[in-house]
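What follows draws every value from the coordinates through simple rules; no lab data is involved. If you're wondering where the values come from, they're calculated on a predicted model, not measured in any experiment. No Cβ is skipped: glycine too gets one built from the backbone with ideal geometry, and neighbour counts run over all protein chains shown.
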Ligand code: NOJ
């Protein structure tokens with residue numbers, strides 16, 4: 001056993017809170033003080049490991065034993081990880097490694113992609129899903145996930161919108177906090193990424209430049225990060241992007257000024273994959289030595305994959321280019337997280353094989369999450385739900401029976417063979433005999449139409465057609481940006497061919513982003529937007545299609561009518577010449593239409609196809625009796641409405657509260673989400689829904705980066721989406737400032 005363990009046994013026994021008790025800090029400092037510079041730089045280095053690479057374990061254990069490595073990613077094998085930890089314990093100071101993995105929406109059991117999880121508007125469910133994922137991952141020797149991704153995403157061309165909570169900072173904060181609580185409640189570290197502004201990539205092209213004024217950065221992009229920091233997230237990841245001329249990974253303002261100084265963060269920051277090395281490509285570092293200097297100076301504590309710190313750290317300190325104090329701070333932060341996870345005392349995983357994976361209760365949770373993530377976009381003539389006694393149902397389309405595509409992007413250790421497809425799910429409900437199937441075209445992106453005839457034949461022989469179309473898993477996630485957002489491949493032609501049969505047509509649309517559904521939408525009787533629902537996709541979708549469950553999901557990113565509208569998001573500013581309902585034509589088709597001198601396009605309706613917060617149900621809901629209370633002593637107002645299920649079925653509704661600061665020193669969004677509640681009501685049932693609106697939620701960062709709450713009129717809306725019409729207002733009295 002290394003010397004470190006003797007020290008720890010004597011001096012430190014109690015479990016730490018993350019805001020570290022003094023005793024823990026003394027333990028960390030004692031450890032840092034015994035380390036050589038080389039050992040410190042080892043702590044600051046993370047290797048990506050492919051266990052199938054010959055000799056890798058020997059290499060890894062040798063590095064661990066020599067104290068030259070602090071972290072790994074991609075080891076999903078408890079026995080291998082234990083071997084590495086054993087070697088680390090045998091090192092001079094016995095400091096174990098922390099092993100990370102992209103556990104983005106589940107581990108072996110896959111939950112809906114994060115954009116789908118956000119569509120549940122159910123943070124408690126999201127928290128439970130994260131906790132279940134953590135339990136599975138921990139059983140395989142993983143200590144830390146690179147999740148939640150809480151980048152605000154206003155551009156569906158950006159493939160990583162799939163990993164986000166969508167366009168709204170309030171909702172993204174709630175989902176991010178829920179995930180952090182879920183993971184860390186299992187003693188499994190979370191990572192807030194990508195710090196910061198990564199989602200604002202120009203043209204929605206992944207890794208592209210971002211230019212975000214400081215007011216917008218603080219009022220929109222940084223908000224979810226601040227929320228998870230307050231919730232105790234243990235790590236942050238510095239982003240790939242260039243932010244206002246300084247790449248995030250070299251951004252002292254972000255990581256030293258905001259994160260550490262203003263917010264008081266004391267966990268560690270990991271770079272993104274080789275993003276320290278990429279500082280040379282950004283043209284801000286002359287070489288790797290310079291890149292290491294910039295990364296360490298800016299506050300990136302752990303270097304993922306590239307080896308600039310290891311290769312140049314010693315010389316940088318010896319030459320005085322960076323002070324050893326910076327290195328000590330980074331190492332202390334890394335050790336703090338290891339200490340909090342208990343790794344310093346017990347680094348091994350109880351290897352129970354696969355026994356913690358795919359447990360029945362985890363699959364049940366995945367099914368519930370998938371069900372709640374589904375969004376009904378259209379239901380002409382109440383075509384859905386379908387009757388279970390229908391004689392024949394055609395389940396067609398390239399995604400109807402595509403196991404891998406149920407998982408979605410970043411499914412990592414998820415396995416296609418664990419998944420249940422829509423075809424499986426409908427067959428399980430109706431039996432094999434009544435379900436006809438043909439894929440129509442081999443994959444989502446294929447242009448091959450030779451299977452159309454079989455799909456049309458199935459449709460002709462059925463009473464209803466369920467067409468499973470959209471994006472497969474490979475069209476979204478990292479580096480999967482798209483310039484066109486229509487159904488890819490031959491699928492729009494397939495929908496036309498199916499519609500031409502005259503059979504009732506239900507589209508089940510898979511996707512990792514809002515799509516432009518302008519062409520298929522008029523052909524469909526109903527559209528159920530299902531994202532990528534994960535392992536239990538099939539049963540969840542079948543339950544909703546056949547009315548065993550009522551859909552209640554709502555979109556968290558605006559669906560454009562045309563790519564040219566992007567970026568289009570609900571919490572935009574008004575402009576001096578807003579597009580009003582008076583000058584909006586429903587059927588604008590040509591450039592000749594008079595639209596006035598207002599902020600809109602000539603050739604497309606100014607409203608989106610589906611607004612933020614939108615989603616239908618099999619029942620309907622009514623809102624009335626908006627009451628805005630007086631503030632209590634702490635400045636919090638209660639705002640309540642009467643919510644009634646006005647339809648004939650039980651269902652869940654997400655009641656949403658929006659506000660607008662009518663006149664402020666900085667132009668403010670036309671609406672901002674400030675509260676939401678998901679409520680289940682029986683037919684005819686009513687309830688009062690009350691939101692607490694704290695005074696801080698009325699504030700914003702002004703041009704001088706001061707957080708201010710300015711007195712004056714605030715408008716309020718409550719309803720089922722961001723176009724809610726039930727409104728009121730209140731006047732905030734008092735002085736500017738908080
Ligand atoms: C690059 C991605 O940007 C990041 O989100 C991910 O966690 C790392 N690679 C590790 O796989």
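Structural remarks
- A straight line joining the Cα centroids of the range 243-269 and the range 28-106 runs 26 Å.
- Placing R0 at 51 angstrom, the Cβ-Cβ distance between residue 287 and residue 25 gives a FRET efficiency of 0.90 after rounding to 0.05.
- Computed [θ] at 222 nm, deg cm²/dmol, the chain (DSSP H ≥ 4; -39,500 (n - 2.57); rounded to nearest 500): -8000 deg cm²/dmol
- Shape class of the range 275-428 from the alpha-carbon gyration tensor: prolate, with a/c at 1.5 or above and a/b greater than b/c.
- Sorted ascending by nearby beta carbons within 10 Å, beginning with the fewest, 277, 237 become 277, 237.
- Prolate/oblate/rounded label for the range 617-720 (Cα gyration tensor, a/c 1.5): prolate
- Measuring between their Cα centroids, the range 272-292 and the range 384-440 lie 46 Å from each other.
- Here the relative contact order of the range 584-733, from alpha carbon pairs under 8 Å that lie six or more residues apart, stands at 23 percent.
- Taking label positions 7 Å along the Cα-Cβ direction at both residue 713 and residue 36, the computed distance is 7.2 nm, reported to one decimal.
- Distance between the range 176-223 and the range 517-559 - C-alpha centres, whole angstrom: 27 Å
- Each label point was placed 7 Å from the Cα along the Cα-to-Cβ direction; for residue 230 and residue 359 their separation is 3.3 nm.
- Cβ crowding within 10 Å ranks 714, 484, 691 as 484, 691, 714, fewest other Cβ atoms first.
- Relative contact order of the chain, pairs being alpha-carbon contacts under 8 Å that are 6 or more residues apart, as %: 12 percent
- Net length gained if the chain between residue 352 and residue 602 were fully extended (0.36 nm per residue, minus Cα distance): 83.7 nm
- Note on residue 680 and residue 208: the extension gain reaches 165.7 nm, defined as 0.36 nm multiplied by sequence separation minus the Cα-Cα distance.
- Residue 519-residue 650 FRET efficiency (beta carbon distance; Förster radius 30 Å; 0.05 resolution): 0.30
- Inter-site label distance for residue 663 and residue 311 at 7 Å from Cα along Cβ, in nm: 6.0 nm
- Sequence of 411, 705 once ranked by neighbouring C-beta atoms within 10 Å, starting from the fewest: 705, 411
- Length added when fully stretched, residue 90-residue 461, from 0.36 nm per residue minus Cα-Cα: 126.6 nm
- Degrees separating the helix 56-65 axis from the principal Cα axis of the chain, which is the longest one: 50 degrees
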